[in-house]
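Take a look at the structure below.
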Amino acid sequence: MTNFHRSLVLGCSALALASCGADEIVSPGTGGDVIINNPPATATPTPTPTPTSTLVTPAAGCPTISDPVGLTDDNTISGPTGEYRVCTLPARFTTSSTLPYVEGLLYRINGRVDVGTDGGAADTGADTDVELTIEPGVILFSSGSGWLNVNRGNTIDANGTADRPIVFTSRDNVLGLNNANSSGQWGGVVLSGRAPVTDCIAPGATPGTTACERQVEGAAQPALFGGATVDDSSGSMSYVQIRYSGFVLSGDSELQALTTGGTGTGTQLSNIMSYNSSDDGVEFFGGQFNLRNLIVVGAEDDSLDTDTGVKVDMQNVIAIQRPGVGDTIIEADSSNGLEEDTPRQNTRISNATFIANSGTGDQAIRIRGFADYTIVNSILVDNEGSTPCLRIDNTETLNRAANAAIDEAGPVVFNSFALDCSVDFRDSSGGVTAAQIETRFNAGSNNDADFTNTLTMGFVNGSNEDGVAVFDPTGISSFFQLPTSIGAVYAGNDSWIQGWTCNSATVTFDAAVSDCTSLPVY
């Protein structure tokens, strides 16, 4: 079994771990003068001291942005990587604005921060149309009940780059107080859109219509999503890390690193990393969109939670639990009396590497509530040796025939799916037996419930993974690309994780990036 507890080896001293990057590498010089033509001997020069990493120094002030309230200069904050100017965001952006990257500057999310004003479930022409643009390399931090909400009718443009990701994190992360098990230190990021959802808050409302809206979990004040606009856009996010999220906003409800609610097909999401969320890594409530290159590490509830009629295609997914922490890798939930509601959930995943480490969950994957679900070209490994791989509740989830007229894609589908668990299937709710789940699993092509993984680094394919025949997912969705192997990372598909991630005691992705307990320094 793969050991995730490895030493992080970087080309920097331990002191400089957080800030040693391409721009911080300093030539050590010659160590003295270069002597030409053999002049008379002189005293030995004082050796050049070994260079040390330069700590960040604070920016002179906060930039001017278009929003009339603007940024508030809240002095500075210091941590292991240096001292930063703190520029606090307005409680609500009322004008499209850009947060530029400024060396030595951090942006603070103080409490709930709204992008625009909610335009309602239908576009009546009264939208505020506010777009928040965040430049590559920007770091935003928060604490407690702070969270960012992109309201319906407004958008976010948060697109980092592979060498300069955008980082949403906690105040404790800035101060250098976190360890491998830190979590739940601020809220998270919420995209609220107008695409169809189920489980309406209004009694008697028809699911999937403009009358069907939902409230963001835990929000004390109204924060609504849902509508009937399938191609709605909440903007775009790429090369983004969201660290230490999941603060309980109210009651028993907490946010995830990334929550999408009624997010439509006009939204573009890729290269998203969720790290140490105290609830789910990501949770998708309804809507319809695609996501490529998703990493979830250390979620304390479910790594991927899909709910209330979401229709999402995902390719290249890594989900790794912290040892001894977490519930399921996947929870697909359309229950609570919503089984017959439409739109019906239809989640389709190609090329995932799922690593169950918790040893505390009842199953690694749980699909229920008549949800339509497809997993192909993937691998699931239980490193603890006690968690069953698959649970499927309700015979309708397991065996229901496809019926386009009532939005039913058919029974759960598995193709080219390898399971490395000591217990592969478990008896489930609704009278479903482990044997029936095994029969459904075996009905797919190239599935292997007796697989032995040969992963390296905990997520990179070895010979056994590359030996599994590939299922062509392009016939399922035009979003999918034809892979040459199963799993999320293999030869020819191994560069997408480089540069924009962070490392931890759970998993090391890239020796050239900082640990998640430290801020990156550019």
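Is it true that some residue in region 183-197 is surrounded by fewer than 23 Cβ atoms within 10 Å (Cβ to Cβ), touching a Pro at 6+ places or on another chain (Cβ under 7 Å) and not small (Gly, Ala, Ser)?
Within region 183-197, none of the residues are surrounded by fewer than 23 Cβ atoms within 10 Å (Cβ to Cβ), touching a Pro at 6+ places or on another chain (Cβ under 7 Å) and not small (Gly, Ala, Ser).
From the set of residues in region 113-160 that are open to solvent by 40 Å² or more (accessible area, probe 1.4 Å) and β-branched (Val, Ile, Thr), which is nearest to THR72 (Cα to Cα)?
THR117
If we keep just the residues of region 302-325 that are modelled with pLDDT under 95 and small (Gly, Ala, Ser), which is surrounded by the fewest Cβ atoms within 10 Å (Cβ to Cβ)?
Step by step, filter region 302-325, then rank; the result is GLY324.
Counting just the residues of region 161-180 that are under 17 Å from the mean Cα position of the chain (by Cα) and open to solvent by 10 Å² or more (accessible area, probe 1.4 Å), which one comes out farthest from ASP407 (Cα to Cα)?
Applying the filter and picking the extreme gives ARG164.
Restricting attention to region 445-496, which residues are closer than 21 Å to ILE320 by Cα, open to solvent by 50 Å² or more (accessible area, probe 1.4 Å) and assigned to a loop (DSSP other than H, G, I, E, B)?
Correct list: ASP450, THR452, MET457, ALA491, ASP494, SER495.
Where residues in region 267-324 are of a type in the set (Ser, Thr, Tyr) and in a loop (DSSP other than H, G, I, E, B), which of them is farthest from SER518 (Cα to Cα)?
THR308
Can you work out which of the residues in region 87-112 that are aliphatic (A, V, I, L, M) and either within 20 Å of GLY193 (Cβ to Cβ) or assigned to a loop (DSSP other than H, G, I, E, B) (or both) is least open to solvent (accessible area, probe 1.4 Å)?
LEU89
Please determine, by comparing only the residues of region 123-152 that are polar (S, T, N, Q) and within 14 Å of ALA219 (Cβ to Cβ), which one is nearest to the chain's Cα centre (by Cα).
The selected residue is ASN149.
Mind checking which residues of region 212-230 are assigned to a loop (DSSP other than H, G, I, E, B) and at pLDDT below 95?
Once the filter is applied, which keeps residues that are assigned to a loop (DSSP other than H, G, I, E, B) and at pLDDT below 95, region 212-230 yields VAL216, GLU217, GLY218, ALA219, ALA220, GLN221, PRO222, ALA223.
Cβ-Cβ under 7 Å, sequence separation 6+ or interchain: first residue in region 441-461 and under 27 Å from THR395 (Cβ atoms), partner in a loop (DSSP other than H, G, I, E, B) and not hydroxyl-bearing (Ser, Thr, Tyr). Which pairs?
Within 7 Å, the pairs are PHE441/ASN447; PHE441/ALA449; SER445/PHE471; ASN446/VAL468; ASN446/ALA469; ASN446/PHE471; ASP448/VAL468; ALA449/ASP424.
This table checks each residue for (1) crowded, with 21+ Cβ neighbours inside 10 Å; (2) modelled with pLDDT of 95 or more; (3) more than 26 Å from the chain's Cα centre (by Cα); (4) on the phi > 0 side of the Ramachandran plot.
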| site | (1), (2), (3), (4) |
| --- | --- |
| ASN351 | yes, yes, no, yes |
| ILE355 | yes, yes, no, no |
| VAL376 | yes, yes, no, no |
| PRO388 | yes, yes, no, no |
| ASN399 | no, no, yes, no |
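The values are calculated or read from the model by the stated rules, or taken from the named source; none is laboratory data. If you're wondering where the values come from, they're calculated on a predicted model, not measured in any experiment. Using ideal geometry, Cβ is built from the backbone for each residue, glycine included, and neighbour counts are taken over all protein chains shown. Note: accessible area is taken over every heavy atom of the protein model, side chains too, but ligands, DNA and RNA are not part of it. Shrake-Rupley method; radii C 1.70, N 1.55, O 1.52, S 1.80 Å.
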